[in-house]
Amino acid sequence: MTSQSEPRTERPYDRSELRSAPSLVLVNTGHGKGKSTAAFGTILRAAARDWPVAVVQFLKSGNWHTGEEKTCRALGVEWYSAGDGFTWDSEDIDETKAKAVAAWEFSAGLIAAGKHRLVVLDEISYAMTWGWIEAAEVAAALAGRPEQVSVILTGRDMAAEVIEAADTVTEMVSVKHAFEGGIRAKKGIDY
């Protein structure tokens, strides 16, 4: 099977120069499926290591009742659904924006507090893309976080400032998607 994107040229490195880092910033972006799914997989790894973990969802409301929320809560993950759904369904875009701003303020405090070893900011990119929160402010919070706090940020079209602040950036590329074939999102697969 061949890759759909340009292969990345690996930089040769000397293994003796590798170092440990107390934490990492990871970005899952792109138009392909799997950005949040990859973050939730990392949550499983962190929970298995008994790390305190928190998730802040910027778009989904508490009415979604997703499988990942149910399972993560059972594992002791703190879960905050801070949005009110997708913007195209919003009945009051000013309220939707206010919820995103409040979600960022809450998230910034959560990161700065240093209580969690992993904080996931799910679908945060949209709030930056729409100009509701400043990408430079998010990047500064990442740079100034307590040294033991890792952060995963997800969403399409991640801001350049956040990409620059990240240690690992993965772009999900859509080759084919069931939705394009007229198939609805499926419980257990998509949520």
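For this structure, a couple of remarks:
- Annotation: lysines with alpha-carbon distance below 19 angstrom to residue 186 (same-chain offsets under eight excluded): 33, 35, 60, 70, 176.
- Carbon-plus-sulfur accessible fraction, the chain (probe radius 1.4 Å, protein heavy atoms only): 51%.
- In Hz, Karplus ³J(HN,Hα) per residue of segment 172-189 (6.51, -1.76, 1.60; θ = phi - 60°; x = Gly, Pro): 7, 10, 7, 9, 7, 9, 4, 4, 5, x, x, 9, 5, 4, 10, 4, x, 10
- Scalar couplings 3J(HN,Hα) for segment 118-124, obtained by applying the Karplus form with A = 6.51, B = -1.76, C = 1.60 to θ = phi - 60°, are 9, 10, 10, 9, 7, 6, 5 Hz; x denotes Gly and Pro.
- Using θ = phi - 60° in the Karplus curve 6.51 cos²θ - 1.76 cosθ + 1.60, the 3J(HN,Hα) couplings for segment 48-57 round to 5, 9, 6, 6, x, 10, 9, 10, 10, 9 Hz; x is entered for Gly and Pro.
- Amide H contacts of residue 158 (H built 1.01 Å from N, in plane; Pro and chain starts excluded): 30 sit under 5 Å, all sequence-distant by 5 or more or on other chains.
- Database remark: amide H of residue 79 closer than 5 angstrom to the amide H of 55 (H placed geometrically; neighbours at sequence offset of 5 or more, or on other chains; Pro and chain starts carry no H).
- Its Cα gyration tensor gives the chain an equivalent ellipsoid, and the semi-axes of that ellipsoid, as √(5λ) in whole Å with the largest first, are 25, 22, 18.
- Built amide H within the under 5 Å cut-off of residue 27, gap 5+: 153, 168, 169, 170
The values are calculated or read from the model by the stated rules, or taken from the named source; none is laboratory data. Just so we're clear, the structure is a prediction, and the values are computed from it rather than from any experiment. Please note that ligands, DNA and RNA were not included when accessible areas were found on the heavy atoms of the full protein model with its side chains. Shrake-Rupley method; radii C 1.70, N 1.55, O 1.52, S 1.80 Å.
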